[in-house]
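Right, one structure below, let's go through it.
The values are calculated or read from the model by the stated rules, or taken from the named source; none is laboratory data. Worth saying up front: this structure is predicted, and the values here are computed from it rather than measured. In this analysis, Cβ positions are derived from the backbone assuming ideal geometry, glycine residues included, and neighbour counts consider all displayed protein chains.
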Amino acid sequence: MADLYLASRSPRRRDLLRQIGVRFEPLLLRMLPPRGPDVDETPHAGESASAFVARVATTKARFGVEVLGMRRMPLHPVLAADTEVIVDGEVLGKPANRDEAAAFLRRLASRTHEVRTFVALACGPAARLELFSAESVSSVRLAALSEPQIERYCAGGEPYDKAGGYAIQGLAATFVEHLEGSYSGVMGLPLYETAQLLRQAGITDLP
């Protein structure tokens, strides 16, 4: 029996939950036309990066509970997360194409940026929802990158479903000069904070 639903399509988040022995089922929210995504992941005008990442994760968790009711699924807690790369106060999302991925890497090279992951856990029926949340903030410095390095990296498929256009757990690990914070948080699900939420909600027997 599952401990919770994971409202995420990310294979990395699934692997991280399995790493700590959490039993879960994926809960896939709609992302594509014709009706559009279930959760708006577009930054609002004047919205800070920290407010944006919290809004997206919290909305996914809350809406996930509503989806359970609409689909007549068993009522388990819903875990959601959002990870964003932030530089100069600006959120760098997932690059839409090769040119944008390369532009992101040029901007991040030879400097330190912030990776912020917000985790939200929604428990109970929608009418009596209890929400638990936590945040992980890490600093990552990428090395100087040559144009050939950037072009070779962007020629592969790794940058295109990753915030900021790079994967710390993949080939881009060779670009990371320094990390201060949570490695799993940069991957997409900070395991320390997530385990704390699960213990707080009483839904796991983690040590």
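Some observations on this one:
- Look at the range 58-80: where a residue is within 10 Å of Leu4 (Cα to Cα) and a partner is of a type in the set (Val, Ile, Thr), sitting 6+ places away or on another chain with Cβ atoms under 6 Å, you get Pro77/Ile203; Val78/Val65.
- Filter result for Thr83 (polar (S, T, N, Q), touching a strand residue (DSSP E or B) at 6+ places or on another chain (Cβ under 6 Å) and either closer than 16 Å to Ser8 by Cβ or at pLDDT 95 or above (or both)): yes
- Filtered by the rule that a residue be exposed (fewer than 13 other Cβ atoms within 10 Å of the Cβ) and small (Gly, Ala, Ser), the range 108-130 gives Ser110, Ala127.
- Of all residues making up the range 115-152, the number that are closer than 24 Å to Ala7 by Cβ and among the acidic types (Asp, Glu): 2
- Within the range 109-163, the residues that satisfy the criterion of being charged (D, E, K, R), assigned to a helix (DSSP H, G or I) and within 23 Å of Asp88 (Cα to Cα) are Glu147, Asp161.
- Count of residues meeting criterion [at positive phi and either touching a His at 6+ places or on another chain (Cβ under 9 Å) or among the basic types (Lys, Arg) (or both)] in the range 85-129: 1
- Verdict on Leu105 being surrounded by 13 or more Cβ atoms within 10 Å (Cβ to Cβ), aliphatic (A, V, I, L, M) and touching a helix residue (DSSP H, G or I) at 6+ places or on another chain (Cβ under 7 Å): yes
- Residues of the range 55-84 satisfying the condition of being within 16 Å of Thr42 (Cβ to Cβ) and not hydroxyl-bearing (Ser, Thr, Tyr): Arg55, Val56, Ala57, Lys60, Phe63, Asp82, Glu84
- Given (1) surrounded by fewer than 20 Cβ atoms within 10 Å (Cβ to Cβ); (2) of a type outside the set (A, V, I, L, M, F, W, C); (3) outside any loop (DSSP other than H, G, I, E, B), index of the condition Pro74 fails: (3)
- Neighbours by Cβ (under 7 Å, 6+ apart or cross-chain): first from the range 164-190, charged (D, E, K, R); second surrounded by fewer than 16 Cβ atoms within 10 Å (Cβ to Cβ) and not in a loop (DSSP other than H, G, I, E, B): Glu180/Ser139
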